[in-house]
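What follows is a set of notes on a single structure, which appears directly below.
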Amino acid sequence: MEEKEQLKYLYRLYLTNLCTEEELKKFFSLLNEQKYDKEMMALLSHTWDNLEVRPEGNLSPESLLKENTDPKIITLKPERKRGFTIWKIAAAILLVVGAGYLYRTEVLNMVSPVHERQLLSAAGERRQLLLPDGTRVWLGPGSRLDYPNRFNGEKRMVKLEGEAFFDVVHDSNQPFIIQTDEVSTTVLGTSFNVRAYKGKENVEVTLVTGKVAVALKNKGKTLQNTIENNQQIIVNKADFSLVKRNYPNASSYLNKRIGVFDYNGESLEFVVNDLKAQYGVEINIEPALLTRSFYGELKMTDSLEHTLNKLSTVMETKWSKSEGKYVIKE
């Protein structure tokens, strides 16, 4: 008998609990060789798809009511049956899965499919999320995060559009990957910020603790670089480049993730760009004010009007609004 046919024959015996000790050894020996992976997955899939779901005896509500007068005490009487129930066959399948890591992800997806979920934040809104692996995410305004209800396989993959701060749980066997169009950021366990708004040429990855690898892929070409504590990578998708630089103030993102922005002499133009991203509005500045320095703290969780009032007080400027657009002037 050919090995493929022998595998199918032994599999049927195994499911019906009719294997001899010798046959059982041979069956798991064939599994461990992993020569017939496709055939084995086809057998597992076919078995699962053809299971007939029937309720166990004495488990229906009617039978419970008939046999028990005291609602606080429920007695279940076992009933002998011929053949295998869905639970016995499912257990047998999982034992096969246990024979080798190869089948675990495929069978789990077959029995309990992974579902994609999405978290959205509106302009001026911040949201927090605890992922299935314990990783914490602070989602910035006007952003979207796509993630699964559980992480299967060799990677923990999420997709980001916008800005988010991640505090990733360490797992050396299952890297955490954030995908933003052509840019991917791979980590094992660390805390960092990713800024990748739609329509912007640049993607910024700023590392607070740990180590991450950032890759840019386009038209079959790949650029990759690694950063460590207090470093930043700026990815320019338009000219296909990665720029790595030291960023001593990386810990400021611990406050930024909750909407608190500290400025230490940044230009007004720089500050206003932050306001645009955080509040999702258009703000113009008179040319003479662009390079003026700002020192202070702004809470982006406050209303835009409150933030502009504070900024204008410190900078000794004025602001106005016309047709939905804001202008800062002297």
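All of the numbers you see were taken from the coordinates with simple rules; none came from a lab. No experiment lies behind these values; they were computed from the predicted model shown. Don't worry about glycine lacking a Cβ; one is built from the backbone with ideal geometry, like all the others, and counts go over all protein chains shown.
Summary of computed values
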{"item": "Order by protection proxy (mean Cβ within 10 Å, highest first), peptides 170-182, 116-128", "result": "170-182, 116-128"}
{"item": "Cut-off 12 Å between beta-carbons: net charge of the residues surrounding VAL271, Lys and Arg +1, Asp and Glu -1", "result": "-2"}
{"item": "Cross-link partners of LYS276 among lysines (Cα-Cα below 20 Å; sequence separation of 8 or more within a chain)", "result": "LYS198, LYS200, LYS256, LYS299, LYS310, LYS318, LYS321, LYS325, LYS329"}
{"item": "Alpha carbon centroid spacing (whole Å) that separates segment 127-141 from segment 247-313", "result": "24"}
{"item": "Relative contact order [Cα under 8 Å, 6+ residues apart], segment 259-330, whole percent", "result": "37"}
{"item": "Reachable lysines from LYS4, criterion Cα separation under 17 angstrom, eight or more residues apart if same chain", "result": "LYS25, LYS26, LYS35, LYS38"}
{"item": "Student exercise, segment 259-329 dipole from Lys, Arg, Asp, Glu Cβ charges, in Debye to nearest 20", "result": "180"}
{"item": "Hull volume in cubic angstrom per residue (convex hull over the Cα atoms of segment 116-252)", "result": "106"}
{"item": "Kirkwood Rh and Cα Rg combined as Rg over Rh, evaluated for segment 217-330", "result": "1.05"}
